1. Using 0.36 nm times the number of residues separating Gln88 and Ser143, minus their current alpha carbon distance, what extension gain do you get?
2. Suppose all protein chains stay in the model; what accessible area per residue would a 1.4 Å probe give for the stretch 135-220, in Å²?
3. Step through the table entries Lys120/Lys211; Lys120/Lys207; Lys48/Lys211, compare each Cα-Cα distance with 20 Å, and write down the pairs that go over it.
4. Go through 119-126, 148-155 and give me the packing order, highest mean Cβ count within 10 Å leading.
5. Distance from a point 7 Å along Cα→Cβ of Asp233 to each backbone N in the stretch 152-186: keep the residues under 20 Å and list them by number.
6. Let me have the relative contact order for the stretch 11-253, percent, based on Cα pairs under 8 Å that are six or more residues apart.
7. Spelling out what I want: for every residue of the stretch 147-154, take phi, set θ = phi - 60°, compute 6.51 cos²θ - 1.76 cosθ + 1.60 (Karplus), and round to whole Hz; glycine and proline get x.
8. Could you give each residue of the stretch 45-52 its phi-based ³J(HN,Hα) in whole Hz, using Karplus coefficients 6.51, -1.76, 1.60 with θ = phi - 60°, and x for Gly or Pro?
Amino acid sequence: MASQLRLRSVLALVTGAGSGIGRAVSVRLAREGATVAACDLDEAAACKTVWLLGGQGSEEVAPGGAHAAFQADVSESGAVRRLLEQVQACFSRPPSVVVSCAGITRDEFLLRMSEDDWDKVIAVNLKGIFLVTQAAAQALVSSGCHGSIINISSIIGKVGNMGQTNYAASKAGVIGLTQTAARELGRHGIRCNSVLPGFITTPMTQKVPQKVLDKVTGMIPMGHMGDPEDVADVVAFLASEDSGYITGASVEVTGGLFM
């Protein structure tokens with residue numbers, strides 16, 4: 001069991017932790033020995049995730065105490081600043097692993113997309129990741145701590161997708177943001193990587209019509225959609241010292257879709 005605990009004594013902040021990939025990431029990191037600060041816009045959902053983590057670790061595994069839930073709108077700079085302050089007050093240190101999973105969709109064809117739908121998706125998916133990455137990096141640098149920042153992008157950011165100009169642009173932006181952060185923060189011992197999921201079974205993809213999912217599944221070399229746990233496994237690797245010489249990378253978790 002001891003060899004499994006790659007994240008013993010690590011404090012991990014996960015945004016979008018209330019469902020889907022964010023919840024799976026929280027569970028996986030806790031199983032690796034991390035103490036998890038689970039953040040979501042929906043506080044009840046974040047609390048449910050923390051409740052699920054209850055059996056994941058012992059006091060020995062999480063010496064900083066129990067996991068904790070936090071509520072924040074990542075698209076709002078004041079809220080993100082307060083989130084990092086609250087996490088540091090709760091655990092007496094900044095998170096050394098930060099995983100940004102918070103994301104939304106507002107799908108519409110380019111010819112009909114409203115400016116509001118564009119702005120909302122960019123605000124959460126791109127500005128939110130900028131704000132969380134910046135605040136987390138500032139906290140780590142000022143305390144002299146090393147860390148690993150992992151931003152969830154999407155394969156759609158590389159190849160585009162019908163009806164998702166806003167989402168594709170936001171996720172492409174995350175890749176460029178993360179690579180630039182990796183260049184700037186390497187000297188501080190902070191690694192920054194992005195993960196590009198393909199079609200994963202989550203509340204987000206449950207909104208996609210079944211005939212579209214069937215068509216997509218037919219294009220995946222592995223023949224099926226992924227599970228949130230498939231993404232969480234890669235995040236756990238990038239969070240751990242097993243990936244200690246990896247930074248600025250974009251790891252695709254797609255079952256081979258769009259390679």
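The values are calculated or read from the model by the stated rules, or taken from the named source; none is laboratory data. Values in this document were obtained by computation on a predicted structure and should not be read as measured data. Every residue, glycine among them, receives a Cβ derived from its backbone with ideal geometry; neighbour counts consider all protein chains shown. Accessible surface is based on the protein model in full, side chains and every heavy atom, while ligands, DNA and RNA are left aside. Shrake-Rupley method; radii C 1.70, N 1.55, O 1.52, S 1.80 Å.
1. On the way: separation 55, 0.36 × 55 = 19.80 nm, distance 1.10 nm.
Length difference between fully extended and current span is 18.7 nm.
2. Working: 3820 Å² over 86 residues.
Counting only protein heavy atoms, the per-residue value for the stretch 135-220 is 44 Å².
3. Values: Lys120/Lys211 27 Å; Lys120/Lys207 18 Å; Lys48/Lys211 32 Å.
Distance filter (> 20 Å) returns Lys120/Lys211; Lys48/Lys211.
4. Working: 119-126: 20.1, 148-155: 26.4.
Ranking, from highest mean packing down: 148-155, 119-126.
5. From the stretch 152-186, the list is 152-155.
6. Numbers: 477 pairs, mean separation 48.0, N = 243.
So the answer I get is 20 percent.
7. Couplings: x, 9, 10, 10, 10, 7, 9, 6 Hz.
8. 5, 5, 5, 4, 4, 4, 4, 5
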